[in-house]
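Chemist: Below is the structure I would like to discuss, written out as structure tokens.
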Amino acid sequence: MTSIDTITLEVADPAAAERFYTDAFGLQDRLRFRAAQEPTSGFRGYTLSLTVAQPADVDALIDSATRAGATTLKPAAKSLWGYGGVVQAPDGAIWKVATSAKKNIGPATRTFDRLVLLLGVGDVAASKRFYVEHGLDVGKSFGRMYVEFDTGESPVRLGLYRRRALAKDADVAPEGSGSHRLTVGGTASFTDPDGFAWEATVSAN
């Protein structure tokens, strides 16, 4: 089964990015950084999400991210689905921190349950077929709206969402061009229909 081991972000200053993600989210072990090579503008077509146990944890992580230099795109608030907010890191990556819980169950922490990569794609059904053909198993599927893959014990989960819907959820314009500034590291190397690159960083065995 194809799995995800790491996410590599292309950034202007890898050392500064590493400091930010360590201070903001404690993600020093799950992200890699390399110097940006290609131009990019507007929405890069993806978001990264941290799912947490309770609203207080959302607030704690968003507060630490803004203190470290992130920009608030959508202030944390209640919704039909729970509670969450969206920030943009200094390198341009968009992060959502959210929980399905609507009430706190204990003191706030800066821990999270899952790291999720959501790719905004032009055709969810076509991209779903592509990823299934490349060894990913579907965990949840909602027609042409959303797909979540079963990535097993991978530290990163993967989902597909319509590009415009994903941009709307992050409260940014859907237009964008150039590099995604993102590479997925795992057990396979390929480029998907929307230009997202994967590189083999671990053995398939």
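Chemist: Give segment 48-84 a look and list any residue that's modelled with pLDDT under 95 and either touching a His at 6+ places or on another chain (Cβ under 8 Å) or assigned to a helix (DSSP H, G or I) (or both), or say none.
Modeler: none
Chemist: List every residue pair whose Cβ atoms lie under 8 Å apart, where the two residues are 6 or more positions apart in sequence or sit on different chains, the first residue falls within segment 119-132 and is assigned to a helix (DSSP H, G or I), and the second residue, located anywhere, is among the small types (Gly, Ala, Ser) and modelled with pLDDT under 95.
Modeler: Val124/Gly143; Ala125/Gly143; Lys128/Ser141
Chemist: Looking for whichever is under 16 Å from Arg44 (Cβ atoms) and among the aliphatic types (A, V, I, L, M) here; the options are Ala165, Ala200. Which one fits?
Modeler: Ala165
Chemist: So which of Ala24, Ala35, Ala56 ends up being surrounded by 17 or more Cβ atoms within 10 Å (Cβ to Cβ), over 26 Å from Lys168 (Cβ atoms), out of contact with any Leu (no Cβ under 6 Å at 6 or more places or on another chain) and of a type outside the set (Val, Ile, Thr)? Give the derivation first.
Modeler: Working: Ala24 fails: over 26 Å from Lys168 (Cβ atoms); Ala35 fails: surrounded by 17 or more Cβ atoms within 10 Å (Cβ to Cβ).
Ala56 is the lone residue from the list that is surrounded by 17 or more Cβ atoms within 10 Å (Cβ to Cβ), over 26 Å from Lys168 (Cβ atoms), out of contact with any Leu (no Cβ under 6 Å at 6 or more places or on another chain) and of a type outside the set (Val, Ile, Thr).
Chemist: As an exercise: evaluate Ala15 against (1) among the aliphatic types (A, V, I, L, M); (2) surrounded by fewer than 22 Cβ atoms within 10 Å (Cβ to Cβ); (3) touching an Asp or Glu at 6+ places or on another chain (Cβ under 9 Å) and give the number of the one condition it does not meet.
Modeler: It is condition (3) that Ala15 fails.
Chemist: Only one of these is within 25 Å of Gln37 (Cβ to Cβ) and modelled with pLDDT under 95: Val156, Val172. Name it.
Modeler: Among Val156, Val172, only Val156 is within 25 Å of Gln37 (Cβ to Cβ) and modelled with pLDDT under 95.
Chemist: Looking only at segment 177-192, decide whether some residue is of a type outside the set (Ser, Thr, Tyr) and without any contact (Cβ under 8 Å) to a residue 12 or more places away in the chain.
Modeler: no
Chemist: Still on this structure: Can you report the number of residues in segment 133-160 which are of a type in the set (A, V, I, L, M) and not in a strand (DSSP E or B)?
Modeler: So the answer is 2.
Chemist: Let me ask another. Kindly indicate whether any position in segment 100-114 is closer than 17 Å to Asp169 by Cβ, buried (at least 20 other Cβ atoms within 10 Å of the Cβ) and modelled with pLDDT of 95 or more.
Modeler: no
Chemist: Between a residue in segment 1-17 that is of a type in the set (Gly, Ala, Ser) and any residue that is assigned to a loop (DSSP other than H, G, I, E, B), which pairs come within a Cβ distance under 7 Å, given they are 6 or more apart or on different chains?
Modeler: Ser3/Thr151; Ser3/Gly152; Ser3/Ser154; Ser3/Thr187; Ala12/Ala36; Ala12/Asp91; Ala17/Asp91
The values are calculated or read from the model by the stated rules, or taken from the named source; none is laboratory data. All figures in this text were calculated on a predicted structure; none of them were measured in a lab. Please note: Cβ atoms are built from the backbone with ideal geometry, for glycine as well, and neighbour counts cover all protein chains shown.
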